[in-house]
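Written out below as structure tokens is the structure these notes cover.
The values are calculated or read from the model by the stated rules, or taken from the named source; none is laboratory data. Not measured: the values here are computed from a predicted model. Ideal geometry is used to build each Cβ from the backbone, glycine not excepted, and the neighbour counts take in all protein chains shown. Quick note on the areas: whole protein, heavy atoms, side chains included, nothing else; ligands and nucleic acids left out. Shrake-Rupley method; radii C 1.70, N 1.55, O 1.52, S 1.80 Å.
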Amino acid sequence: MPLSSTSASAQAVGPSSSSDAYEAPLRPSENVRAALDVDLDARLNFAQGRLILTNQRLVAQFPDATNWQGWELAPGMAMAHLDHAGVGTLELRSDQALLATWRFTLGHNPAALRLLTEFDRALAEQTAGPAAPGQAAADEPDEPEADEEEGADEKPPSTWTLLRLWRFAHPYRWRLLAGFLLTLAGTAATLVPPYLTIPLMDDVLIPFQDGKQIDPRYVALLLSGLLGSALLAWGLGWAKTYILALVSERIGADLRTTTYEHLLKLSLEYFGGRRTGDLLARIGSETDRINVFLSLHLLDFATDVLMIAMTAVILFSIDPSLALVTLVPLPFIAWMIHQVRDRLRTGFEKIDRVWAEVTNVLSDTIPGIRVVKAFAQEDREAQRFREANRHNLAVNDRLNRLWSLFSPSVTLLTEIGLLVVWAYGIWLVSRHAITVGVLTAFLTYIGRFYTRLDSMSRIVSVTQKAASGTKRIFEILDHVSSVPEAPHPVPLPQVAGRIELDGVSFRYGNRSTIRDLNLRIEPGEMIGLVGHSGSGKSTLVNLMCRFYDVAEGSIRVDGIDIRQVALADWRRHIGLVLQEPFLFFGTIAENIAYGKPEATRAEIVAAARAAHAHEFILRLPQGYDSLVGERGQGLSGGERQRISIARALLIDPRVLILDEATASVDTETEREIQKALDNLVRGRTTIAIAHRLSTLRKANRLVVMDKGRKVEEGTHEKLIAQRGAYWRLYEAQARQEKAERDRMLVVDEAVLAPAHVTRESRT
């Protein structure tokens, strides 16, 4: 494989590149397809380098190097992607040898995966033969704007997306039909008064000017017709507005409920890649926007369409030539709508994304306000919000510049159209082709026609907003959970607690965390999981709870694969106590009874007693009815933990999972929690994770994990005697605890010693 080296004086990428941010010795015929900034050298020290893929070759500047190197794309080349312990690796190979290696932190992983995909495409194109002129440029990926988040280059939402809302409108189809018929009748009623002006002008007013007497009964009949049509239009308008408003509110409520229920059914993997503020914005503001569109703007749009269609029929029935003149502005308005529609659609989706970023700052900062204040970062967070708000303002300003030109332009065209109708109508009257009454009625209809036309052009804006919101809602509804419900679930009324893991493997994205794990846990047995951070302990617990599904192998409970059991049935038998217990806003009793809302007060108190929480709960102002703040603010870490243990005790689970339940508390509190845990584990199959190995002395077996594999298994005494991985962990922790005790002893002696002894000691 020929290797070409070039000098350090790289020329800038030409106009054909997808970005002028890269500087590399590119040929005039090359187009950049993808690029990756690498930030680690061969020794894994931080250093800056760059890798660029063009339509012809790979060009690279290795970290801290001054020259560029290139490899022509040819059959037999391959690129491999690896990751381990937070470090990503790209390897370029030929049939004979390894050509080059690049390493980077996983923050650059999305760009690396994109480059890998484009590399495969480029090789395929090379194999298929030279591309047609201009094809390379067409295949070149557009670089997203620097001020836009990931996903900005997605296809903008189509207006046809709104048709998907029929799924929620279908239950109310008869009410919608009634509303449409009322709209049709109401629109027809509003078109009666202009028609009655023809006899008023031609048969009453103009003859009266010529000396003819007015017939009071005829005038009263015409005026009664005007009043009756006005009252009828008012009544029909009230009825259709009320009915359609009720329907739209119910559609909006169903949309919110369905989206939230679907969101709750998605796996933890989905939430791991989403921001809380973005999800809140979708379920909150997006559904509100759709609701407003359905209740107000869609009704106006239907009324406008009916008004224009019916008015056009009346105009052609009165005078076809004058009606044709009326339609002169329509092609220009249609052309303008077509020009701005896609820009508005894209612009409103950008606004949705940047507004979600504003919400994200709030959802990050407000729950974490204690950390913000503890580190005196109020100014920094205010600056983050200011920047997000400024970005939101900039995107809105760009869209408003477009809309501020479009809307007055439509108004100008309608005014010009009205002027043309006036001129042509006066000419027809002068030639006695039509009467003054006909021209008056015509101008009245024209005024309504152009008003509705102007209104329809303005609704383009709200339609694109609703289409953007609908797309973002259906992005949630279309997402299929990676932990699906069993199509024909096996009933699981009773659980003995035997758990078997056979050949279990799992990956987080491209990072393998569990590898070919086999484990048997007998009913009532307590298993301790130990190992360094990142060894796969918590991942294994997540798999047992079926927060994620295994990639290979199976997990069985009492001989049944948990993927064949309904999620709720399986998790109903699991008690989970986490390192950081989460309490909801509400009373102590409500938090304890969260897993069993129908529990009696006696059952709640019994669970609290077993969790050694009853005493401190009684010391609270309202006891079990005391409110805890959001996330349990106002309670200590140990108190929150004991409430979470009481919550687990109340559901009486057959399988208990303890994930670092005593890791974040002091020694005295740990003893209290340990007493509660002793009550909790009794008679239950227990899987416990703990960094403090002393807390696992009561475990029947210990399972030592390293890099996702089970490396040792046995009792504490057996593993110590083997002097393997567990022994090294135990010795390291014993040395650390001894050093901590020695340090505390020195501090205590310094505090308790008399002043003169301290001075002598210093001497």
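One table, with the values for the structure above:
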quantity	calculated
Only listed residue being part of a helix (DSSP H, G or I) and either modelled with pLDDT of 75 or more or of a type in the set (Ser, Thr, Tyr) (or both), chosen from ARG370, ARG384, ARG448	ARG384
Answer residue from region 163-202, given it is free of Cβ contacts under 8 Å to residues at least 60 places away in the same chain and of a type in the set (D, E, K, R) and is farthest from ILE243 (Cα to Cα) among those	ARG167
Enumeration of residues in region 40-83 that are surrounded by fewer than 17 Cβ atoms within 10 Å (Cβ to Cβ), more than 25 Å from ALA124 (Cβ to Cβ) and under 33 Å from the mean Cα position of the chain (by Cα)	PHE46, GLN48
Looking only at region 543-565, and only at residues there that are under 26 Å from the mean Cα position of the chain (by Cα) and not charged (D, E, K, R), the one that is farthest from ALA688 (Cα to Cα)	ALA551
Residues (farther than 16 Å from ALA441 by Cβ and surrounded by 11 or more Cβ atoms within 10 Å (Cβ to Cβ)) located in region 197-222	PRO207, PHE208, LYS212, ILE214, ASP215, TYR218, VAL219, LEU221
Residue check for THR241: open to solvent by 40 Å² or more (accessible area, probe 1.4 Å), of a type in the set (Ser, Thr, Tyr), touching a Leu at 6+ places or on another chain (Cβ under 8 Å) and in a helix (DSSP H, G or I)	yes
Residue under evaluation GLU91, criteria (1) crowded, with 16+ Cβ neighbours inside 10 Å; (2) closer than 27 Å to GLY534 by Cβ; (3) of a type outside the set (A, V, I, L, M), criterion not met	(1)
Pairs with Cβ under 8 Å, 6+ apart, first in region 394-423 and touching a residue at least 60 places away in the same chain (Cβ under 8 Å), second assigned to a helix (DSSP H, G or I) and of a type in the set (Phe, Trp, Tyr)	LEU413/PHE332; THR414/TYR450; GLY417/TYR450; VAL421/PHE442
Only one of LEU529, LEU583, LEU540, LEU517 that is at pLDDT 85 or above, surrounded by 22 or more Cβ atoms within 10 Å (Cβ to Cβ) and under 27 Å from the mean Cα position of the chain (by Cα)	LEU540
Scope region 691-732; condition in contact with a Gly (Cβ under 7 Å, 6 or more places away or on another chain) and part of a loop (DSSP other than H, G, I, E, B); matching residues	ALA699, GLY708
Criterion (in contact with a helix residue (DSSP H, G or I) (Cβ under 6 Å, 6 or more places away or on another chain) and at pLDDT below 75) met by exactly one of VAL358, VAL395, VAL410	VAL410
Scope region 623-674; condition in a helix (DSSP H, G or I), within 21 Å of GLY528 (Cβ to Cβ) and modelled with pLDDT under 75; matching residues	THR667, THR669, GLU670, ARG671, GLU672, ILE673, GLN674
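Here is a yes/no grid of residues against (1) in a helix (DSSP H, G or I); (2) surrounded by 15 or more Cβ atoms within 10 Å (Cβ to Cβ):
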site: TRP570; (1), (2): yes, yes
site: LYS596; (1), (2): no, yes
site: ALA599; (1), (2): no, yes
site: GLU603; (1), (2): yes, yes
site: PRO621; (1), (2): no, no
